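*Asks:* One structure coming up, written as structure tokens, with questions to follow.
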Amino acid sequence: MPSASILTGFRAYQTIAQLLLDPLSTSRDITNRYGNFTGISLSALKQRPPTFHVVGSIYAEAVLKNYDTFRNGGIIVKGYRNSTHNHLRQGYFSANGAEYEHYIKLFGPLFRKKLVEEVYPVIAEIVTDQMDRWPTGEVINIIPRVNTLMKHLASQGMFKDPDIIRGIRAADMVEQHGRLSGASIAGLIAAKYGRPPFSRLHRQAKATYDAIIEWGKTRDGLEPRSDVLSTIANATDEFGRPASADRIAGYGWTMLGASYDTSTSILTWLLVFISTHPEVARKLHEEVRDYQRISPSDISAIMNLPYLDGVIKEALRLVPPAPIQRRKTHADAELVGRPIPVGSQILISAWMTNRDPDLYPDPDRFIPERWGSISRSPYQWLTFSAGPRRCLGIWFALAFLKTIIASVMARWRPEIPDGSKVSMKVAVTVRPGREVPIILNKPDGNYRASRLTGNVHRYLRISELYRS
Ligand code: HEM
């Protein structure tokens, strides 16, 4: 059995505080110092079940396959009792038992690969239309551009919004609420003692709730199974009752948050990797050069391009937008031979599992070519999680990401101006700071590594090309 460490006393408090402040570096430190299974016990003050930080496919499989014992919880910190913010936490992510079994039957069929393929014409049209508006040769902040593009894709491609205005407003609100809801020490203390109702978080929660309800009303009277939003708004709940406003708001939040935030985040990181790895940019351009204005039939071909596939998988390996996946034990349990008391939290580190040197030699380096000769199970590449509660939107996500990157690299040579500050932080997902400046140059073949500053170097090994 792999070795285990249990942290107690000051060290335990310090580790939890560090996990909240900087989960990425702390997950690495815990793994390097204590190994793949680390218990953190805060029981000095009162009896409290421990937290376990686990790394590696063996632990991930044992937890994620057993989804009725290791249950999902909310992904954002709690607010004061009965707050609107707490109602928004009660979405599909935190559904368990009968509630989850009811909704998976409704949602599952809507996310099948075949249904995503039916949306290829919409994806092609939106990507081409939006990219026609991106300027060539100027410094632009890429984040709002990617954000708008993703919102249109999700709104029209996934949610089939007839009136995209209310869908995009709901998405904007969820995005702002998500930013304010990320776990932090201040956030946790404030949540425990009740961040006051007039605080920004709670005002934003109210605005978000109302925007999702308004969005849901656009589906009044529609067949529940026709699309994700109609299902949320019009399907009965697990007791056969009409969906309550809280249910619509919570589930609407989950679906919007799950789709925009993760994809916007990884698209930005993909462009950072491409701008700092000239050989990758060159090879990618060679492979995709024919896809400047994408037609619906192009997308099937794009989905099968081997180098593009490697680039996307490698970026998702190094920056999984959901770097730590949390579960809570519903009953006393066992994890790879170790007893786990009821109520324990399990933190599965996708961040470190995806850097397991036995699975990925030279794990911190961005090497898309490695995917030409390996294949890994979802438990070994945890970006979309694994097992029964794996990401429902994976086929949408891959279709969006591949089409967008193929189109960018066919049209341009992206470059981040030297000296630009690029920062990374975790607020629900792994986000960039507010700005990532990019110049979309004509594809002139002058590939070079952009030299970045900022805390991104703490988390990604992207500087060696110009430091050597
Ligand atoms: C690159 C993009 C994406 C990544 C990396 C990603 C990643 C993930 C991960 C890691 C989980 C599991 C979270 C956990 O259990 O703690 C998850 C769940 C989920 N994702 Fe995604 N996701 C992406 C895009 C999408 C899209 C486009 C949708 C579409 C709505 C989506 C819908 C969902 C849903 C509904 C769940 C909950 C599944 C469940 O709890 O059973 N995701 N995603």
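Values in this text are rule-based calculations from the coordinates and carry no lab data. Given the structure is predicted, the values throughout are model-derived calculations rather than measurements. Every residue, glycine among them, receives a Cβ derived from its backbone with ideal geometry; neighbour counts consider all protein chains shown.
*Asks:* Quick one: work out the % antiparallel among DSSP beta bridges in the chain, nearest 5.
*Replies:* The answer is about 75 percent antiparallel.
*Asks:* Length gain on complete extension for the stretch Ser300 to Ile140, per 0.36 nm per residue less the alpha carbon to alpha carbon distance?
*Replies:* Length difference between fully extended and current span is 54.6 nm.
*Asks:* Shifting gears a bit: Taking the Cα centre of segment 327-411 as origin and charging only Cβ (+1 Lys, Arg; -1 Asp, Glu), how large is the dipole, in debye to the nearest 20? Don't skip to the answer; put the middle values down first.
*Replies:* Working: 11 positive and 7 negative charges, 72 e Å.
Roughly 340 debye for segment 327-411.
*Asks:* While we're looking at this one, here's another question. Across segment 87-142, how large is the tail of the calculated P(r) beyond 17 Å, expressed as a percent of all Cα pairs?
*Replies:* On the way: 985 of 1540 pairs.
Percent of Cα pairs beyond 17 Å in segment 87-142: 64.
*Asks:* List the relative contact order of segment 30-150 as a percent without decimals, with contacts defined as Cα pairs under 8 Å and 6+ residues apart.
*Replies:* 12 percent
*Asks:* Please state the charge dipole magnitude for the chain, taken about the Cα centre, from unit charges on C-beta atoms (+1 on K and R, -1 on D and E), reported in debye and rounded to the nearest 20.
*Replies:* Once rounded to the nearest 20, the dipole reads 1340 debye.
*Asks:* If we count other beta carbons within 10 Å of each Cβ, what is the order of Ser155, Ser226, Ser83, fewest first? Don't skip to the answer; put the middle values down first.
*Replies:* On the way: Ser155 25, Ser226 13, Ser83 19.
The most exposed by this proxy come first: Ser226, Ser83, Ser155.
*Asks:* Over segment 259-363, what relative contact order in percent results from Cα pairs under 8 Å that are six or more residues apart?
*Replies:* Contact order relative to length: 22 percent.
*Asks:* Name all residues of segment 122-146 having a backbone nitrogen under 13 Å from the label point set 7 Å from the Cα of Glu435 along its Cα→Cβ direction, giving them as ranges.
*Replies:* In segment 122-146, the label zone of Glu435 (backbone N under 13 Å from the point 7 Å along Cα→Cβ) covers 139-144.
*Asks:* So, in nm, how far is label Glu238 from label Glu101 when the simple model puts each one 7 Å beyond its Cα toward the Cβ?
*Replies:* 0.9 nm
*Asks:* Additional query: Using DSSP loop states and a limit of at most 12 other Cβ atoms within 10 Å to flag chymotrypsin sites (Phe, Trp or Tyr not before Pro), what is the longest stretch of the chain containing no flagged site? Please report the intermediate quantities before stating the final value.
*Replies:* Working: sites that count: Phe198, Phe239.
For chymotrypsin sites (Phe, Trp or Tyr not before Pro) (loop position, at most 12 other Cβ atoms within 10 Å), the longest site-free span of the chain is 240-468.
*Asks:* Give me the percent relative contact order of segment 221-295, please, defined on Cα pairs under 8 angstrom at least 6 residues apart.
*Replies:* About 14 percent, as a whole number.
*Asks:* Can you sort Met131, Met409 so the residue with the fewest Cβ neighbours within 10 Å comes first?
*Replies:* Final ranking by Cβ density, sparse to dense: Met131, Met409.
*Asks:* Can you compute the helix-only [θ] at 222 nm over the chain? Use -39500 (n - 2.57) per DSSP H run of at least 4 residues, normalise by all residues, nearest 500 deg cm²/dmol.
*Replies:* -14000 deg cm²/dmol
*Asks:* What whole-number distance in Å separates the alpha-carbon centres of segment 232-254 and segment 25-80?
*Replies:* Here the answer is 30 Å between Cα centres.
*Asks:* Can you list, largest first and rounded to whole Å, the semi-axes you get for the chain by taking the square root of 5 times each eigenvalue of its Cα gyration tensor?
*Replies:* Numbers: eigenvalues 222, 169, 88 Å².
Here the semi-axes work out to 33, 29, 21 Å.
*Asks:* Would you order Leu24, Leu88, Leu305 from fewest to most other beta-carbon atoms within 10 Å of each residue's own beta-carbon?
*Replies:* Leu305, Leu24, Leu88
*Asks:* Once each part is reduced to its C-alpha centroid, what is the distance from segment 399-439 to segment 327-379 in angstrom?
*Replies:* 26 Å
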